[in-house]
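These notes concern the structure reproduced below.
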Amino acid sequence: MHHGAMAVAKRISVTLDGPDQRVIEAFADPARPEHAALLSWASEHGLSVREDSDAALLRALVRAGAQALRVAALEQGYERLAASRNDDQAERRALRDRAVGRAESRYAE
């Protein structure tokens with residue numbers, strides 16, 4: 001993978017098995033809702049998906065899939081952060097409750 005400021009086009013061979021081909025065919029078929037969804041997504045992201053270009057279709061699918069996975073990763077990160085904050089708040093409450101309990105027991109004596 002190339003990571004840098006200047007992206008270089010790279011041609012790679014990908015072997016697609018039957019399930020892969022069926023998934024892609026759903027996005028390539030203009031009569032399918034998957035096709036319309038991909039065209040809409042591509043348009044929103046400045047990509048062109050020509051009807052006769054398998055390469056353009058695959059590029060759009062790769063980018064859409066990568067974006068979906070990034071969103072999922074961010075959501076998981078936010079969930080972990082929220083859980084951590086909840087744990088921190090619970091720990092602070094427990095410390096406060098113990099301190100209040102000790103103070104109350106001192107004053108009760």
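Readers should treat all values here as calculations from the given coordinates under stated rules, not as data from a laboratory. Computed from a predicted structure; not experimentally measured. Here Cβ is always computed from backbone atoms with ideal geometry, including for glycine, and neighbour counts include all displayed protein chains.
Among the trypsin sites (Lys or Arg not before Pro) within segment 29-96, those in coil by DSSP and having at most 15 neighbouring Cβ atoms inside 10 Å are ARG50.
Farthest toward the positive end of the dipole of the chain, out of ILE12, GLN67, VAL23, is the Cα of GLN67, where the dipole comes from beta carbon charges about the Cα centre.
Considering the chain at the alpha-carbon level, its Rg and Dmax are found to be 26.0, 86 Å. Each Lys and Arg adds +1 at its Cβ and each Asp and Glu adds -1 at its Cβ; summed about the Cα centre, segment 18-108 shows a dipole of about 840 debye.
Semi-axes of the equivalent ellipsoid of segment 1-63 are 22, 16, 9 Å, computed as sqrt(5λ) over the eigenvalues of the C-alpha gyration tensor in descending order. Mean sequence separation of contacting Cα pairs (under 8 Å, at least six apart), scaled by the length of the chain, corresponds to a relative contact order of 11 percent. Multiplying the residue separation of ALA7 and LEU74 by 0.36 nm and subtracting their alpha-carbon distance yields 21.7 nm.
Placing a label point 7 Å from the Cα of LEU95 along the Cα-to-Cβ line, the residues of segment 43-86 whose backbone N sits under 17 Å from it are 84-86.
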